[in-house]
Every structure is written in structure tokens, then in C-alpha cells.
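Below is one structure, written out as C-alpha cells, with a few remarks after it.
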Amino acid sequence: MKVLNIGSMNLDYVYSVDHIVLPGETQSTDGMSTFLGGKGMNQSMALAKAGVEVYHGGMIGEDGQAFLDACKEYGVHADYIRKVEGKTGHTIIQIDKNAQNCILLFAGANNKLTEEYVDEVLSHFEAGDILLLQNEVNMLPYIVEQAFEKGMQIALNPSPFNDKLNEVDMKKVSIFLLNEVEGGQITGLTEPEEVITKMLEMYPHAKIVLTLGKDGAIYAEGQLRYQQPIFKVDAVDTTAAGDTFTGYFLAGLIDGMEIPDILRMSAKASSIAVTRKGAVPSIPYRSEVEESLN
Ligand code: RIB
């Protein structure tokens, strides 16, 4: 069984600010750093650092070489990443003094996927292989159709949630990994238990992993429920905390671990990530996670 992640790669321009800038306000920043990120790449890195062999697909622009170098460094297969004309995706991220962030996203090359490209990448995978997706690249409805047709298992992190997702046939998704905001946007409900019940009504065969910020995470499948509290830490940057959770959760499933153990490992991994700056560089290795759990 192989794991493919077709997802975004963004250069994250991260600004430290006193508070998230207000409408009409000009604010000087306390510093700026550039990190590799993008929900797609962050999740591939989390999978790789958790010990999973993962193939990443997606597009970078002429300024995106650093992603190929990082894939080599961290052991993510990069053969299906294509370099196209124009700019790599980027974000402008503000992080305030309470580690709260906000993200402005420019899709760039992430929106340049084509049917031919998707067909070519998927031709290397078969029934039973896992496909991980987020909502920061184009062609999602087509990717889901084609992968389902092949019999791949589809894991979807519907983030960021927007109208584009309405075109995706979510009945073809085997596992949803989402936060409470996205859960609310999909179901129109706010209470976590109601969100889960509604999602299981809408997608009865799916597994649901709902993260709840400071309230931890819930796993649901049919009547089964497991809850996991957070590990309390002093956060400096919450960027990629959810991506770390997603990558580690899938890694645990692939390893055949019990759900409560997977939840614990994923919560620990993301608690470590938030104590470090940046997206890709903040994601811990499995050995650090396990050491910290013992
Ligand atoms: O989930 C965090 C990621 O979201 C950042 O790395 C940024 O690139 C945005 O895509």
C-alpha cells in the first residue's frame, strides 16, 4: 500500500505582530521570517517524520526549488512534483503575542494542476493505496473522482473550507480530518457531538477526526467515539499544528495502531509543533514524540 498526497506548497512569510492588523490600520512588525509550508507539504512532512513512505504531488513555480531540497532532506518522494512557470504559492501570516495567527493565501502554482497531470500521477497508484488531499490545490473534484474510480482510499482535510468543496463528491471520502470550524461549515452546526452526528448521517461510511483546539480531538466511526485532551504547552506558533495532527494520525492508522494510541501520539506531535516557529521546521520526528510520551 502506497501513500500519495496531492497538495499545496507555500512559502510562508511570517510576521510577528502585537495584534492581528485591524481594517485600515498600518502596523510595524517585530520581525519577519520565511518558512516552507502549505497544508499539503506540511502533512507530507508530518507523515515522513512519523516514518511513513509518502509521495508528494503538486506544483511549484520557478522560485520553489527549496521544496525539492526539503523533500530530499526529510525523505518525501518528490518525483511527482512539477515546476511550472510563475510563482510558487505563498502566504502572509501574522502571529500575535498570544501565538494567534491569521493567514492570507496566494495560490500561485498550486492552482495549475491539469487533468493530464492528475492522470499521470494517479497512474502510479492502485486500489487500496491512500490518497491524502486538502483544499489548497485546484482539480479536487476530478482528483477525487479518478482516485475513487481506481479504488484508492481517500483522506480529506477540507481546509480551508470554501465553496470549491461543494463540487467535491464527499461521499467518496473514507476519512475526514478537520477542525471544529470546518466541521461547522460542512454541517451548519456548532456543538462537536452534533457536528459528528450530522457528518456521520451525511457520510455514514466515513471515519471522522475532529480537532477542537484547546478541547482536544474526537474520533468517530459509526457508534464508536474516542476523545483525546490536548497536552498543555506554551505555544509560540500554532501554524501547522493541525497538519502535524493529520500526518501523525494517518501514520498511526497505517501502522495499525489502536485509535486511542493514535490520538495520543497525534496530540503530542502537534503539542510539540506549536512550541516551535514555522510550519515544516516545527514538525517533530516520531522519536521525539515517543520520547516525550514516555
Ligand atoms: O496549515 C498551515 C498552512 O496553511 C501554512 O503553512 C500555510 O502555508 C497555509 O497553507
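The values are calculated or read from the model by the stated rules, or taken from the named source; none is laboratory data. Bear in mind the structure is a predicted one, so any value in this text is a computation, not a measurement. Every residue, glycine among them, receives a Cβ derived from its backbone with ideal geometry; neighbour counts consider all protein chains shown.
Side notes on the structure shown:
- Positions within segment 81-95 being surrounded by 16 or more Cβ atoms within 10 Å (Cβ to Cβ), closer than 30 Å to G213 by Cβ and of a type outside the set (S, T, Y), in sequence order: G89, H90, I93, Q94, I95
- Of all residues making up segment 18-47, the number that are farther than 13 Å from F67 by Cβ, under 25 Å from the mean Cα position of the chain (by Cα) and touching a residue at least 24 places away in the same chain (Cβ under 8 Å): 6
- Among the residues making up segment 50-66, those that are within 15 Å of the ligand (Cβ to nearest atom) and either assigned to a strand (DSSP E or B) or closer than 25 Å to A147 by Cα (or both) are H56, G58, M59, I60.
- Cβ-Cβ under 9 Å pairs, at least 6 apart or on other chains, segment 5-16 side farther than 19 Å from M32 by Cα and within 13 Å of the ligand (Cβ to nearest atom), far side in a strand (DSSP E or B) and at pLDDT below 95: none
- Candidates are the residues of segment 270-294 that are closer than 15 Å to V236 by Cα and among the hydrophobic types (A, V, I, L, M, F, W, C); the one that is farthest from the ligand (Cβ to nearest atom) is I272.
- Subset of segment 198-249 that is of a type in the set (A, V, I, L, M) and over 20 Å from the mean Cα position of the chain (by Cα) - its residue that is farthest from the ligand (Cβ to nearest atom): L224
- Count of residues meeting criterion [β-branched (V, I, T) and touching a Ser or Thr at 6+ places or on another chain (Cβ under 7 Å)] in segment 240-294: 4
- Those residues of segment 17-40 which are hydroxyl-bearing (S, T, Y) and either within 15 Å of the ligand (Cβ to nearest atom) or within 15 Å of C102 (Cα to Cα) (or both), in sequence order: T29, S33, T34
- Screening the candidates A78, A147, A109 for the property of being crowded, with 17+ Cβ neighbours inside 10 Å and either within 15 Å of the ligand (Cβ to nearest atom) or β-branched (V, I, T) (or both) yields one hit, A109.
- Test for L156: is it within 15 Å of the ligand (Cβ to nearest atom), in contact with a Pro (Cβ under 7 Å, 6 or more places away or on another chain), at pLDDT 95 or above and under 24 Å from T91 (Cα atoms): no
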